[in-house]
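Participant: I have a structure here, written as structure tokens, and I will follow up with some questions on it.
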Amino acid sequence: MQNDILWAPWRMAYIKSDKKEELRKVEVQSGGDPKCFICQGVADSSEYDRERLVVGRTDTTISILNRFPYNNGHLLVAPKRHIASLELLTETEQRDIMRELAYWTKALERVMNAEGFNVGLNLGRVAGAGLPGHMHWHIVPRWNGDASFITTIGSAKAIPQALEAAWELLRRS
């Protein structure tokens, strides 16, 4: 076995943090949570989209790169409103979220050559929601062979692209 080193310096922020965003705080909209990184992204002006990793917005949704991704290009698609359960979504929000999920899977196929996806929603902390108050869907791009030995026996994940480079690829004009 070689004595190679796998560097992932961006993970130190996650290890040292209390898992909350360490970005500039903004005044969130009425009904939002000032501690919620999604609400902060919604409230902030688009000039801070790079800092917040926001890649797209519609009238009712926001799409953000996951700051602590499971895989390269890992996106979060959320309603702009700070809500935690499916029955609170309006019909417009439901339609827009599905449209954004379809858009981003196609975009990830096109710009990152993704071969498949895990798309999911964790409702509630016991279901794995790291941000239980603001529901969001995960889009995790997958490639043939991306579950290598290092993931299965090494308890590590190698992500081959920096978040800034992924943001550049995915940013909507």
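Participant: For Thr92, project a label point 7 Å along Cα to C-beta. Then give me every residue of region 35-67 with its amide nitrogen under 11 Å of that point.
Facilitator: 59-61
Participant: Then there's this: Step through the residues of region 49-65 one at a time and calculate ³J(HN,Hα) from phi using the Karplus curve (6.51 cos²θ - 1.76 cosθ + 1.60, θ = phi - 60°), rounding each to whole Hz and writing x for Gly and Pro.
Facilitator: Using θ = phi - 60°, the values come out as 4, 4, 4, 8, 6, 6, 9, x, 9, 10, 4, 10, 10, 9, 10, 9, 5 Hz.
Participant: Can I ask one more? How long is the gain from Glu47 to Asp59 if the chain were fully straight, where each residue apart is worth 0.36 nm and the alpha carbon distance is subtracted?
Facilitator: 2.6 nm
Participant: Moving on to the next point. Let me check against my output: what whole-number percent is the relative contact order of region 46-143, with C-alpha pairs under 8 Å and at least 6 apart?
Facilitator: Normalised by residue count, the contact order of region 46-143 is 30 percent.
Participant: Roughly what would the spin-label model give for Asp33 and Ala84, points 7 Å off Cα along C-beta, in nm?
Facilitator: Modelled inter-label distance: 0.7 nm.
Here, each number is a calculation from the coordinates, and none is a lab measurement. All of these numbers come straight from a predicted model, not from anything done at the bench. No Cβ is skipped: glycine too gets one built from the backbone with ideal geometry, and neighbour counts run over all protein chains shown.
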